[in-house]
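**Q** The structure is given below, and queries will be raised subsequently.
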Amino acid sequence: MQCYIFVSDFKNSFVEKIKNIIFDYGNVIFEINFRIAQNTLSQLGIPDIESFFGHKGHHNLFSELETGAITAAQFRDGIREAAQNPSLKDEEIDAAWNSLLIGIPENVHDLLLSVKKNYKTFLLSNINEIHLAHIVDYLIKEFQIDNNDQFFDKIYYSHLIKIRKPNVEIFEQVIKENNLVPDETLFIDDSPQHLESAKKVGLHTLLMTEHPKHLDTFLKKHGIRI
């Protein structure tokens, strides 16, 4: 038998005891678009792009970059090999790969600061050195800040800690290093497979179903204090 929790019941179930919130970055805070990246990577000459790079599955090249197992230079060589085009320039590859990154809606930074007043907040992102460099440039240009530090108590970038979601160990690391009580901690992500791993360590979870520009509405709907 299936059990459905409506919003009014949801608010009374566990949200009142939440003290910590772990946020994903892509399509929770920062808008990304996989289709654009698929198109641009295809234009480099990569065949069968759906299996090479998709939201739910992709070539090991991307996982290795996101865990710091390979360098940006090695990643670019992997793209050249996949495209069967050794003459591709670094700039062409980076531009295609960074086309995934759209931006942060105007209200989101203020919202994160507001949430941080009521909860301990964390950022847990599968990311890589090429994307992070692009994001830093974007933050400087658009918001005159050079990192995300002010919006969270602590940040975890997969390529720096050498592990990525949905590996259960990444959630265990966040819990241990910050002395979090899992039953008092909420994890928000747009990927169901990541939520399943978070549940295994006892975290409460929410699947992000809105565009990042509606993050405030999403949080309010689920009883998060802003």
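**Q** Have a look at Leu160, Leu195, Leu124 and tell me which one the Gaussian network model of the chain (Cα, springs below 10 Å) gives the largest fluctuation.
**A** Leu160
**Q** Could you list, bin by bin from short to long, the percent of Cα-Cα pairs of the chain in 10 Å steps?
**A** Taking every Cα pair in the chain, the percentages come to 7, 32, 34, 19, 6, 1.
**Q** Work the Kirkwood hydrodynamic radius out for region 60-110: mean of 1/r over every pair of different alpha-carbon atoms, inverted, in Å.
**A** The answer is 12.5 Å.
**Q** OK, next. At most 15 other C-beta atoms within 10 Å and a DSSP loop state: those are the exposed GluC sites (Glu not before Pro) I care about. Give me the longest piece of the chain that has none.
**A** Within the chain, the longest run free of exposed GluC sites (Glu not before Pro) spans 1-105.
**Q** Here's a follow-up. Looking at this model, which pairs from Lys154/Lys199; Lys162/Lys221; Lys200/Lys220; Lys165/Lys221 are more than 29 angstrom apart at the alpha-carbon?
**A** Where the Cα-Cα span goes over 29 Å, the pairs concerned are Lys162/Lys221.
**Q** Shifting gears a bit: Do the sum for the chain: with -39,500 (n - 2.57) for every DSSP H run of n ≥ 4, divided by all residues, what is the mean residue ellipticity at 222 nm, to the nearest 500 deg cm²/dmol?
**A** -12500 deg cm²/dmol
**Q** Just the accessible area per residue of the chain, please: how many Å² with a 1.4 Å probe?
**A** Result: 50 Å² per residue.
**Q** Rounded to the nearest percent, how much of the accessible area of region 89-226 (1.4 Å probe, protein heavy atoms only) is carbon and sulfur?
**A** 49 percent
**Q** What order do Thr217, Thr67, Thr121 take when sorted by accessible area (1.4 Å probe), most exposed first?
**A** Of Thr217, Thr67, Thr121, the descending order of accessible area is Thr217, Thr67, Thr121.
The values are calculated or read from the model by the stated rules, or taken from the named source; none is laboratory data. No experiment lies behind these values; they were computed from the predicted model shown. No Cβ is skipped: glycine too gets one built from the backbone with ideal geometry, and neighbour counts run over all protein chains shown. The protein model used for the area step is the full one, side chains on, heavy atoms only, and it has no ligands, DNA or RNA in it. Shrake-Rupley method; radii C 1.70, N 1.55, O 1.52, S 1.80 Å.
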